[in-house]
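The values are calculated or read from the model by the stated rules, or taken from the named source; none is laboratory data. As the structure is a computational prediction, the values presented were derived from the model and not from experiment. Reconstructed Cβ throughout: ideal geometry from the backbone, glycine too, with neighbour counts over all protein chains shown.
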Amino acid sequence: MPGVSWRLFRFALPLRVPLPSGARVRQGWLVQVRQAEAVGWGEVAPLPGFSRETLEEAGRILRDQLPRLGSFPQTTTFTEWAEAIASLPRTVPASVRWGLELALAQWQAARQGKRLDTWLAPDPLPVVSINALVPPDWRENPERLHAIRRAGYRTVKLKVGQYTPEEAVQCVRLLREVLGPTVALRVDANRAWSLREALAFAEAVADQGIAYIEEPLRDPAQLQAFVRQSSVPVALDETLAEQPETPLHHWEGVAAVILKPALIGGLWHAWQRAREAEVLGMQVVWSAAFETGIGTRGLLALAAASRSTTAAGLDPYHWLADDVVHPRLALQPATPVTEALTGPWQPNPDVLEEIDVGA
């Protein structure tokens, strides 16, 4: 299509807190599509230890695909857009698909003078709740917990996979003592435990009001056994990335699904998963894979458009010591969507390197 152009940028951002992989720098790519005044931005940042594709593989695919997308059709509705993106090769990995689809969706929304959330749905939520992610060094720096409480977070997530079940129980009880009884507490084991260990943990924290435990089992094939034997609700995360085509009803009894478009297959696939979960009565938790302000704004729009009232897992954004855009996104425990998505921002030239793609 005449006048449609693509740009590609590489970025590297320092982190305040290391990633689960130990990395202290968040690296990735930004894509921009433009036609006249209509602009869309997307982020492609494979997460080390979780994404199947590497940073360099994602870059090679982007340099290959962007010149081919100059003829992407103009669409009016989200449904038409979804039909159009079917032209993307099925071999495009999750993080790349998320970035390209996000850019194309924002571009189509901008063509109609809309924000992404109002283009996706006619009545998005005006405010999205955010959960706080407890940093790894919280026991050495208990002030971090008090800061979370003072900020007013109503939902808090604790990663426990690095602990034994006994240590994890102690952590949960300490956290509950500091945060009080009314804060929703999520626990993420990242598939660290055997069925026996997970059941022992669940029994020991049954009185702590756990909202759910993410991926408790080393062997996900035993999830149904855990669901049957435990009173603690279960949430799926890594399983969704590994089994993108398995219907959600396969995991009967699961309470929540953690939707990370960068890991599970892009914007459209995540949106379909959200609708599928809604029909089954599962909670939908839109969550980040340590995205920058570009990806995080996209996730915020999805959470608002899907009208998910479950707190979104967007707090990893605060782990970035800098951003690809300025000013930074002002995430709050209850984030006003209009302000977050329409506030003026500019690309940060200090952390962006433009790559020639000939598009």
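A few notes on this one:
- Entirely in the stretch 61-137, the helices (runs of 4 or more DSSP H) that have 2 or more residues that are touching a residue at least 40 places away in the same chain (Cβ under 8 Å) and touching a strand residue (DSSP E or B) at 6+ places or on another chain (Cβ under 7 Å): 94-111
- Cβ-Cβ contacts under 7 Å between residues 6 or more apart (or on different chains), taken from a first residue in the stretch 181-199 that is in contact (Cβ under 8 Å) with a residue 60 or more places away in the chain to a second residue that is buried (at least 18 other Cβ atoms within 10 Å of the Cβ) and charged (D, E, K, R), are listed as Asn190/Lys159; Asn190/Glu215.
- Contact annotation: no residue pair with Cβ atoms under 9 Å, 6 or more positions apart or on different chains, pairs a residue in the stretch 1-28 that is closer than 29 Å to Pro67 by Cβ with a partner that is assigned to a strand (DSSP E or B) and at pLDDT below 90.
- In the stretch 20-31, of all residues being over 10 Å from Leu320 (Cα atoms) and part of a loop (DSSP other than H, G, I, E, B), the one that is modelled with the highest pLDDT corresponds to Ala23.
- Among residues of the stretch 64-103, those that are among the acidic types (Asp, Glu) and touching a Leu at 6+ places or on another chain (Cβ under 9 Å), counted: 1
- Qualifying residue in the stretch 152-160 (condition: over 16 Å from Val234 (Cβ atoms), surrounded by fewer than 22 Cβ atoms within 10 Å (Cβ to Cβ), assigned by TED's automatic domain parsing to the domain that holds Arg139 and more than 27 Å from the chain's Cα centre (by Cα)): no
- Taken over the stretch 339-357, the criterion of being free of Cβ contacts under 8 Å to residues at least 40 places away in the same chain, in a loop (DSSP other than H, G, I, E, B) and surrounded by 12 or more Cβ atoms within 10 Å (Cβ to Cβ) is satisfied by Gly343, Asn348.
- Among residues of the stretch 139-166 that are of a type in the set (Val, Ile, Thr), those with a beta-carbon under 6 Å from a residue that is in a loop (DSSP other than H, G, I, E, B) at least six positions away or on a different chain give the pairs Thr155/Asn131; Thr155/Ala311; Val156/Val183; Val160/Ala189.
- Exclusive hit being outside the structural domain of Thr335 (by TED's automatic domain parsing), at pLDDT 95 or above, small (Gly, Ala, Ser) and surrounded by 14 or more Cβ atoms within 10 Å (Cβ to Cβ), set Ala184, Ala168, Ala121, Ala132: Ala121
- Among the residues of the stretch 221-255, those that are closer than 19 Å to Val205 by Cα and surrounded by 16 or more Cβ atoms within 10 Å (Cβ to Cβ) comprise Leu223, Phe226, Val227, Ser230, Val232, Pro233, Val234, Ala235, Val254, Ala255.
- Of all residues making up the stretch 272-327, the number that are crowded, with 17+ Cβ neighbours inside 10 Å, charged (D, E, K, R) and assigned to a loop (DSSP other than H, G, I, E, B): 3
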